[in-house]
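The values are calculated or read from the model by the stated rules, or taken from the named source; none is laboratory data. Quantities reported herein were computed from a predicted structural model and do not represent experimental measurements. Cβ sites come from the backbone with ideal geometry, for glycine too, and all protein chains shown count toward neighbours. Keep in mind that these areas ignore ligands, DNA and RNA; they rest on the heavy atoms of the full protein, side chains included. Shrake-Rupley method; radii C 1.70, N 1.55, O 1.52, S 1.80 Å.
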Amino acid sequence: MYGEVEEILILSPSMIRIVLGGSGLDGFRPNESTDQYINAYFIPENASYSPPFDLEEVRTLGDDQRPRPRRFTVRRWNSNTQKLTIDFVTHGDQGYAGTWAQRAQIGDRLQFKGPNGSYKPDIEADWHLLAGDESALSAISTSVEAIPESKPCSVFLVVDGPENQINFASSPNHLINWIYRSAVPNPETALLEAIRGHAFADGKFDVFIHGEAGEVRDIRKYLILEHQIDIESASISPYWRRDHTDEAWRSIKKQWLADQEMDT
Ligand SMILES: Cc1cc2nc3c(=O)[nH]c(=O)nc-3n(C[C@H](O)[C@H](O)[C@H](O)COP(=O)(O)OP(=O)(O)OC[C@H]3O[C@@H](n4cnc5c(N)ncnc54)[C@H](O)[C@@H]3O)c2cc1C
């Protein structure tokens, strides 16, 4: 499946929204998860092929030609217009996906598989805890928008500064806490510290925490040890790893997840 770039919007200094459309999306079937994501394939600039391509065939090409798989959350699927919205974090000139979004032109194509997904807010919970960084902003925004207005909800989002904040629909019962890296002495522990300082309400709470691997791991450990969360029902996962390309991260992720079990 592939989409054609139809709109490009600069949402903030670190986020670009790309709206895909066209007949290549005819087979797109959304699921009910609020964290649904696609596996997109970014091709090297000098590649001798372009979407749509035979994935199995191009996977056998040399390193300078092979497509690079990256996961991206569906911010919105509009079933009336058949358009797919994805919000990309831009993080400098390294990597494939962020730079693709920065260079995107109307008419460019992006091939992908999916969507997959595994989380939607538990409506039986007494309240909801959601936290993450820019990479999880789409999943968290979409999840909060699906939580009933009457249901208490505490959201923690870490971004570089106020200009990186991207607001989304929420009710007065949904407390959205923006944390700015530029305003704290240690940005890498800012999300954990904000959650640690939060007065946890009584009752059963639903958990959704995603973002940078080290930060997510520390929060996971804190929630298990200090708040005895049921890790089986919590949605907690690392979306990316600082100073690692996605390829480097995937090569160590299995061991990382195994080591993480020893934290608690
Ligand atoms: C299920 C899932 C859903 C995701 N949804 C989204 C989404 O909707 N939007 C989104 O932007 N990302 C999302 N991500 C994260 C995204 O897949 C990774 O950030 C990916 O590594 C980006 O690829 P790249 O080619 O731009 O950079 P890479 O080639 O992977 O990395 C190049 C360098 O950039 C750094 N880097 C990578 N990502 C970030 C970041 N977010 N902030 C700062 N530095 C970074 C790396 O550590 C590395 O040093 C999701 C990940 C998962 C697993």
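A few comments on the model shown:
- Leu110 meets each of the listed conditions (1) of a type in the set (A, V, I, L, M, F, W, C); (2) open to solvent by 40 Å² or more (accessible area, probe 1.4 Å); (3) under 21 Å from the mean Cα position of the chain (by Cα); (4) away from the ligand (no atom under 11 Å from the Cβ) apart from (2).
- A search for C-beta distances below 8 Å between a residue of the range 169-192 that is at pLDDT 95 or above and any residue that is in a helix (DSSP H, G or I) and hydroxyl-bearing (Ser, Thr, Tyr), counting only pairs 6+ apart in sequence or on different chains, returns Leu192/Tyr222.
- Strands (runs of 3 or more DSSP E) completely within the range 1-97 that count 3 or more residues being surrounded by 15 or more Cβ atoms within 10 Å (Cβ to Cβ) and either among the β-branched types (Val, Ile, Thr) or without any contact (Cβ under 8 Å) to a residue 24 or more places away in the chain (or both): 15-21, 83-89
- Across the range 114-128, not a single residue is classified as among the basic types (Lys, Arg) and within 8 Å of the ligand (Cβ to nearest atom).
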